[in-house]
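Written out below as structure tokens is the structure these notes cover.
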């Protein structure tokens, strides 16, 4: 695992973990790397100072120290995403793989209007939006992104 300091095209900076450098590049090219502050998908690595250890150290003492992987803002953001997902899931019907068909049927008046959620490819979701169907992607839970 490697942690990168990232920045979006709007100037927000944040940190995120990746399996390796190639994983970041792949995710960024596919639009899967998203700004933690504004959801921009134009993400690049930001300058980052390397951690330098000096002097002698006791490996056992280092192992016993608590380590924070997330800063307070990141923890709060993750908690907010979890709560948002919980509320959306509680107030919607999961139609799974039938999402595109059911969403279009509701939009066309062929099914009763209701809040639904499910799975759709990016291309299918874009087509729905182009056709005037109001859809959006649910934010991934932090545990789903890794």
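Here are some residues: 95, 81. Which one is in contact (Cβ under 8 Å) with a residue 12 or more places away in the chain and in contact with a strand residue (DSSP E or B) (Cβ under 9 Å, 6 or more places away or on another chain)?
Residue meeting the stated conditions: 95.
Any idea which of 41, 87 is out of contact with any strand residue (DSSP E or B) (no Cβ under 6 Å at 6 or more places or on another chain), in the same structural domain as residue 115 (by TED's automatic domain parsing), modelled with pLDDT of 70 or more and under 27 Å from residue 122 (Cβ atoms)?
87
Right, residue 108: out of contact with any strand residue (DSSP E or B) (no Cβ under 8 Å at 6 or more places or on another chain), surrounded by 10 or more Cβ atoms within 10 Å (Cβ to Cβ) and at pLDDT 90 or above or not?
The answer is yes for residue 108.
Do we find a residue being closer than 28 Å to residue 115 by Cβ, in the same structural domain as residue 115 (by TED's automatic domain parsing) and modelled with pLDDT of 85 or more anywhere in segment 69-81?
No; the residues of segment 69-81 include none that is closer than 28 Å to residue 115 by Cβ, in the same structural domain as residue 115 (by TED's automatic domain parsing) and modelled with pLDDT of 85 or more.
The values are calculated or read from the model by the stated rules, or taken from the named source; none is laboratory data. What you see is a predicted model; the values in this text were computed from it and never measured. We place every Cβ from the backbone using ideal geometry, glycine too, and count neighbours over all the protein chains shown.
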